[in-house]
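A.B. asks: I'd like to ask you about the structure that follows.
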4 protein chains.
Amino acid sequence: MTEYITSEREQKIDFVNTTDLEEGAAKVIPKGGYGYIQSGAGDLITYKNNVKAFDKKVIVPGVLRDVEDPDTSVDFQDMHLTAPIIMAPVAAHGLAHVEGEKYSAKGVSNFGSIFTASSFASTTLEDIREAGGQDTNQWFQFYMSKDNGINDQIIETAERNGSKAIVLTADATLGGNREADKRNHFTFPLPMPIVAAYQSGVGQTMDAVYKSAKQKLAPRDVEYIASHTDIPVYVKGVQSAEDAYRSLESGARGIWVTNHGGRQLDGGPAAFESLETVAEAVNGRAPVVFDSGIRRGQHAFKALASGADLVAIGRPAIYGLALGGATGVEQVFNFFKDELALVMQLAGTQTIDDVRKFTLRDAW
Amino acid sequence: MTEYITSEREQKIDFVNTTDLEEGAAKVIPKGGYGYIQSGAGDLITYKNNVKAFDKKVIVPGVLRDVEDPDTSVDFQDMHLTAPIIMAPVAAHGLAHVEGEKYSAKGVSNFGSIFTASSFASTTLEDIREAGGQDTNQWFQFYMSKDNGINDQIIETAERNGSKAIVLTADATLGGNREADKRNHFTFPLPMPIVAAYQSGVGQTMDAVYKSAKQKLAPRDVEYIASHTDIPVYVKGVQSAEDAYRSLESGARGIWVTNHGGRQLDGGPAAFESLETVAEAVNGRAPVVFDSGIRRGQHAFKALASGADLVAIGRPAIYGLALGGATGVEQVFNFFKDELALVMQLAGTQTIDDVRKFTLRDAW
Amino acid sequence: MTEYITSEREQKIDFVNTTDLEEGAAKVIPKGGYGYIQSGAGDLITYKNNVKAFDKKVIVPGVLRDVEDPDTSVDFQDMHLTAPIIMAPVAAHGLAHVEGEKYSAKGVSNFGSIFTASSFASTTLEDIREAGGQDTNQWFQFYMSKDNGINDQIIETAERNGSKAIVLTADATLGGNREADKRNHFTFPLPMPIVAAYQSGVGQTMDAVYKSAKQKLAPRDVEYIASHTDIPVYVKGVQSAEDAYRSLESGARGIWVTNHGGRQLDGGPAAFESLETVAEAVNGRAPVVFDSGIRRGQHAFKALASGADLVAIGRPAIYGLALGGATGVEQVFNFFKDELALVMQLAGTQTIDDVRKFTLRDAW
Amino acid sequence: MTEYITSEREQKIDFVNTTDLEEGAAKVIPKGGYGYIQSGAGDLITYKNNVKAFDKKVIVPGVLRDVEDPDTSVDFQDMHLTAPIIMAPVAAHGLAHVEGEKYSAKGVSNFGSIFTASSFASTTLEDIREAGGQDTNQWFQFYMSKDNGINDQIIETAERNGSKAIVLTADATLGGNREADKRNHFTFPLPMPIVAAYQSGVGQTMDAVYKSAKQKLAPRDVEYIASHTDIPVYVKGVQSAEDAYRSLESGARGIWVTNHGGRQLDGGPAAFESLETVAEAVNGRAPVVFDSGIRRGQHAFKALASGADLVAIGRPAIYGLALGGATGVEQVFNFFKDELALVMQLAGTQTIDDVRKFTLRDAW
């Protein structure tokens, strides 16, 4: 295996939109790592629909609404967030930047939002926490081991590092059909310190990495985590009312609607197609987080208006990390905040609460 | 800042349709100015849908209707118009032609329709009026100042110059996400004499220009204008029944359905999607003006058949100004009139009143 | 005006489908004439939809139907036709071939179908009849003069030449917006002998030609023709139930559903969209003819299954005329007959009567 | 006729998806043979819709389902299949590989599924059986002769060679409009030993080959075969409830939903559009086999969830044969099995029975 040499940048990025970020990142992240980060499953139908689905609903502007300088901030549980836009769990930030999660966590912290650390991070939870600072808001995304002894240790590590939620990813018990990885013969070049007890990471295909984690996830696993820690458990990967009910019944205290960025099941619905249904099933009993396809402030607005409490971004932030380090990540979050604020003003909404009460219209 | 050198033409244009105009204008207007005029917001989805939305309705021709030489003229309030096609307010015609609004107002006057002067015009209302001639029909589009003293002065100027309507633009309390302007690093090269009391214009980004105007527009502002002048107030930017009701209740005497040419909120509806709903809400209590996406006579026909009393054009007329001065503007209006007359004949309608009673069919 | 030099071919054509014909004809017909024949109105939206509309309905094959060598022939009034596929009226076949309608009429006659001669033919009705032979089935398409004295003479000429129907084109009281003609500065290079009493043809734009004919067509004109000849009158250009009723009430004995090949009103429905509605309104009281967009046997099948008694083709036959003279025209008709027979067999239908009773399914 | 020189490969193929297979096969199969195999009818609308139709339904993943290593195997009648994915009948495998059906049957047998031999195979049933081995599962697809004496002999041959079903293809009583074959002037270069009593094959167009078989197929033919052998008869080409009823009533013991890979009727429905309707009509009284458009595991999943008991593949396996011989065919079947297993896991299903009970959601 040849050495994996990626970005070391820490600088301001010049960009207009997330397409600029994607194109820029393609030039600084090595091909294998970029293919892993950027692409999706199969024929990319679901992947592309993730973005296009937002066009099925339109925001009818409300005018004469006495609105100026909309406020994107939210109080979420004990946290005050600059905007309801958080960092989605993404494996191995080290692919995009030598400082990995240390810089992305720092950028998110500087912006003032939640950083969700992946089990497959390139950095320890200790280092991620330290990078974010003491007042940082961090969540931990959990790929369970097949061995509960290891799981107990990992949960304990998350507790010790102040994770405010454990996000159980239920839609990736194995890797999707990532053809870019196959064509690039991509294997993981970096260690995975958080799950080192069951997966070293280095030299593995992503499929092997996923399979080394627990595949037979079931409601009992939600119950297991919920009974072993006071940290609330979120179930990530919910796309149906039924799964929302099942998750809540087994102790989930948060529901995360996502199709894993179109990286798992090609031929499934766009994530946004499922949001309203799931949010109605949850019916306020738990927070709803949404990701997959957010590339614009208008997408975030539509997700919030369709029942999401928080919206997560993944790829754009990683591109920002590659292009500008912690500064780049913070800029990307500010891009989404600024676009959201602009849409809020044009829609005639002053606060995120207004957005959440806003009724979208079906597009023609 | 380098000098801004734009068209000085006054000549007949050779063109077949508005695409020719757009392509021609790209060659004579400097890049920054052209980008500002031509483009739209964000991913241009709403911008493009503005035109495509007309294809959702079809005009089923009526034959054997005893029709010849259809009459496009209308009597609107105290005005006789050659066609129900008027000039939309567009900022800074000086970007397209050194004579700015003087030539466009002259062209519209020669054609025999209404010229709506923008608050952000490159020319004074005095000069615009003089260019149009004494019998000219002019409206004034108002971006309010945050300072009512200034507003009173501007209203008084509009009165003095014979403006027959004050069009309060409610959908542009700040600038949309115009990425072309960002990429071109476009700043305004020209003064804005009408609003000089609060905005010089020169060297500003459009976003800064918009933000210098009043952002907290509310029904009380419609009331304020209505109580300070006898000129009827039109609210521009209405896309929902609710906003039509609110506008009328606060004293509006005209409703203008538009999404600002797709320049403000990307992710909102095509303007034509909203027209029928708004017109039904207005229900004849006030005139309905429509713009955004009119590129053909068939579009004007469909808008009139969907409830518009008047249809406004923007970009095509500005392209005509750049390519042919006052003559070019008049030609562009004649293009729309001629296409409308052709569609009227083929549809089996003799008068604009027939068009307004015509029932469109949903396309397959 | 330079001399107009067009095809003199009389030979077998090598072609697989009508796209081949179109591409081939572009090489042998002079640019101005080809543009006139090939193109449509405005943005070509309706023109293109004419073909695409057929995809909205699907033919669900019926199997095990005991079908072999389907019979495409029909008895229509006193005529036996090889297939229910007839020649639509097309102006000025002389644009495509020096022998003009003489060769196209001969080709259609050899095939065994109806030739509809246009008022704007390049050839006299006498010559067209002679070319078709004594047993030929010919219809006459009528663009009325503003002068009834001339109309009486033209009707008398049609009678004398054995026309079996007078097809009153009601959808072309003036020319559509043919941008190809504008760009080519196309004027008519050929005389129009049938209507020479009101229109010489030579050197005229098509718009001027159309306008020289009667524009104020009304039900009284159908009545006029019906009362001056025993030849049945067909009204061509009907796209709504209302116009079908009005036509029949004023004496029409045939209804022709068409949008003039997408050459008149861009922004109207695809012709096939209107067929079922019109046929239901006619309800068997008169024959229904259909044209516009027929490029395949499957299109003819779908039109027949949607209520058409006869299906007319225009451009493909003219391309055949240019590429192969009378032989080419006959080949084109055989192409449609063969494709129709193939579709009939695969659909499980033996006769045209079976086709007319076949129920199409809405496409997904 | 020049000699037909095709692939002799027997090796592992390097491919990621079926598009790779198609592109690879284009390089090793002679142009005429490749055109015959790869292409479809007419404008390829139905052909392309066969694949696109699957996007109209989405698989909503079920999470927390306690699923690991899904089992794709099925017991079908007396057979145990590695997956419910079988080989569709395809004429003349000799076009793709010198060993023809001998290698494809061997590959399918090694994989552990059903090989359906075409009447127009390049190999005798004896050789196909021998290639597959004694425990092989083989079906025989029947193009009946016009002569029942010959039919009796062919049925007897199928019986003698252990065929477990006789698949009567009802949708190809003649050849579809294969324009690729016309452009390539393709004639068959190989003998057809199974039907040699009525068709030699060599030097014939496919249309002539099809027409030499019986065209007047009717329910009595199903009855004839059913009364002359104990082997169950499947009717292939059913796309409507009515044809399902008629087939079952005449003795069919299996229903095969297909549009012949889009090779017969362009303008008909995508095969997947018809599946659910037919399966509901069959209502468990007989097995339902589906083919046409299966290019991914997700397609197979959707077909099984829509009522298919077995899913057949054609072109991809032939491409595998050309590129890798028996090994290639086996790899292609494993590709579909692996993709299906992945989709099963991501959908939350453990067995094929789970898949068949899975409810798809209509796509937006």
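A.B. asks: Check each of the trypsin sites (Lys or Arg not before Pro) in segment C:121-170 and keep only those in coil by DSSP with at most 15 other C-beta atoms within 10 angstrom; list them in order.
C.D. replies: Answer by residue number: C:Lys146.
A.B. asks: Every other copy gets compared here: list the nm distances from the A:Arg220 label point (7 Å along Cα to Cβ) to its counterparts, shortest first, one decimal.
C.D. replies: Going from nearest to farthest copy, the values are 6.4, 6.4, 9.1 nm.
A.B. asks: Just how much of D:Ile5 is accessible, in Å², when a 1.4 Å probe is used and the result is rounded to the nearest 10?
C.D. replies: 120 Å²
A.B. asks: Can I ask one more? If you look at just the Cα atoms of segment C:159-218, how large are its Rg and its Dmax in Å?
C.D. replies: Final numbers for Rg and Dmax: 13.3, 40 Å.
A.B. asks: So which residue, out of A:Asn137, A:Asn148, A:Asn259, gets the largest mean-square fluctuation from a GNM of chain A using Cα contacts under 10 Å as springs?
C.D. replies: Largest GNM mean-square fluctuation: A:Asn148.
A.B. asks: Right, something else. Just give the residues from segment B:267-294 buried by at least 30 square angstrom of accessible area in the all-chains context relative to the isolated chain, probe 1.4 Å, and say none if nothing qualifies.
C.D. replies: Listed by number, the residues meeting the 30 Å² cut-off are B:Gly267, B:Pro269, B:Glu273.
A.B. asks: When the helix-only estimate is applied to the protein assembly as shown (DSSP H runs of n ≥ 4, each -39,500 (n - 2.57), divided by the residue count), what is the mean residue ellipticity at 222 nm, nearest 500 deg cm²/dmol?
C.D. replies: -12500 deg cm²/dmol
A.B. asks: Starting from the Kirkwood radius over alpha-carbon pairs of the protein assembly as shown, derive D by Stokes-Einstein at 20 °C in a medium of 1.002 mPa s and give it in µm² s⁻¹.
C.D. replies: Estimated via Stokes-Einstein, D reaches 60 µm²/s.
A.B. asks: Sorting C:Trp364, D:Trp256 by accessible area (1.4 Å probe), largest first, what list results?
C.D. replies: Final ranking, largest accessible area leading: C:Trp364, D:Trp256.
A.B. asks: With every protein chain in place, what's the accessible area of C:Asp69 (1.4 Å probe, Å², nearest 10)?
C.D. replies: Rounded to the nearest 10, the figure is 110 Å².
A.B. asks: Summing +1 for each Lys or Arg and -1 for each Asp or Glu, what net charge is found among the other residues whose Cβ lies under 11 Å from the Cβ of C:Arg178?
C.D. replies: -1
A.B. asks: Also, I was wondering about something else. Which log10 I(q)/I(0) values does segment A:234-364 give at q = 0.11, 0.13 Å⁻¹ under the Debye formula, counting every alpha carbon as one identical point scatterer?
C.D. replies: Reported log10 I(q)/I(0), two decimals: -0.41, -0.57.
A.B. asks: Can you check what the Kirkwood hydrodynamic radius comes to for segment D:18-362, Cα pairs only, in Å to one decimal?
C.D. replies: After inverting the mean inverse Cα-Cα distance, the result is 19.8 Å.
A.B. asks: Would you mind listing the distances between the B:Val28 label point and the same position in each other copy? Use 7 Å along Cα-to-C-beta, nm, one decimal, shortest first.
C.D. replies: With the label placed 7 Å along Cα→Cβ, B:Val28 yields 4.4, 4.4, 6.3 nm.
A.B. asks: At most 16 other Cβ atoms within 10 Å and a DSSP loop assignment: could you name the trypsin sites (Lys or Arg not before Pro) in segment A:192-221 that fit?
C.D. replies: Those satisfying the criteria are A:Lys216.
A.B. asks: Put a point 7 Å out from Cα along the line to Cβ at C:Val98; what are the distances to that point in the other copies, in nm, shortest first?
C.D. replies: Shortest to longest, the spacings are 5.7, 5.7, 8.1 nm.
A.B. asks: Alpha carbons only, please: Rg and Dmax for segment A:1-138, in angstrom.
C.D. replies: 17.9, 62
A.B. asks: So what's segment D:65-126 giving for Cα Rg divided by 2.2 N^0.38 Å, two decimals?
C.D. replies: 1.37
A.B. asks: Given 4 °C and 1.567 mPa s, compute D for segment A:187-297 with the Stokes-Einstein relation, Rh being the Kirkwood radius over Cα pairs; round to the nearest whole µm²/s.
C.D. replies: 83 µm²/s
A.B. asks: Please calculate the 1.4 Å probe accessible area of A:Val202, with all protein chains present, and give it to the nearest 10 Å².
C.D. replies: Ignoring ligands and nucleic acids, A:Val202 comes out at about 70 Å².
A.B. asks: Oh, and also: Summarise the accessible area of segment A:299-364 (1.4 Å probe, protein heavy atoms) by the percent that is carbon and sulfur.
C.D. replies: On segment A:299-364, the fraction of accessible area on carbon and sulfur atoms equals 45 percent.
A.B. asks: If you take every DSSP beta bridge whose two residues both sit in chain C, what share of them, in percent to the nearest 5, is antiparallel?
C.D. replies: 20 percent
A.B. asks: So, R0 is 45 Å and r is the distance between the beta-carbons of B:Asp69 and C:Glu3; what FRET efficiency does that work out to, to 0.05?
C.D. replies: Plugging the Cβ-Cβ distance into 1/(1 + (r/R0)^6) gives 0.80.
A.B. asks: Sequence gap at least 6, Cα distance under 8 Å: using those rules, report the relative contact order of chain C to the nearest whole percent.
C.D. replies: That works out to 28 percent.
A.B. asks: OK, next. Give me the percent of accessible area attributable to carbon and sulfur for segment D:93-245, probe 1.4 angstrom.
C.D. replies: Carbon and sulfur: 48 percent of the exposed surface of segment D:93-245.
A.B. asks: Nearest 100 Å² is fine: how much accessible area is buried between D and A, summed over both sides, with a 1.4 Å probe?
C.D. replies: Summing both chains' loss of accessible area gives about 3000 Å².
A.B. asks: Now for a different question. Counting DSSP beta bridges in segment D:61-166, what percent are antiparallel, to the nearest 5?
C.D. replies: That works out to approximately 35 percent antiparallel.
A.B. asks: Find the all-direction average of the projected area of the Cα convex hull for segment C:309-364, expressing the result in square nanometres with one decimal place.
C.D. replies: Here the figure is 5.1 nm², rounded to one decimal.
A.B. asks: Right, next: Scan chain D for the residue whose Cβ is closest to the axis carrying it onto chain B, then write down that distance in whole angstrom.
C.D. replies: Per the D/B rotation axis, the closest residue of D reads D:Trp364, 10.
A.B. asks: Given a 1.4 Å probe, how much area per residue of the protein assembly as shown is accessible, in Å²?
C.D. replies: That works out to 33 Å² per residue.
A.B. asks: Mind jotting down the distance between the C-alpha centroids of segment A:63-117 and segment C:256-311, whole Å?
C.D. replies: Between the Cα centres of segment C:256-311 and segment A:63-117 lies a distance of 58 Å.
A.B. asks: Quick check: with the 1.4 Å probe, what order do A:Ser109, D:Ser227, C:Ser250 take by accessible area, largest first?
C.D. replies: D:Ser227, A:Ser109, C:Ser250
The values are calculated or read from the model by the stated rules, or taken from the named source; none is laboratory data. Because the structure is a prediction, the values reported are computed rather than measured. So basically every Cβ, Gly included, is an ideal-geometry build from the backbone, and we count neighbours across all protein chains shown. Only protein heavy atoms, including side chains, enter the accessible area calculation; ligands, DNA and RNA are left aside. Shrake-Rupley method; radii C 1.70, N 1.55, O 1.52, S 1.80 Å.
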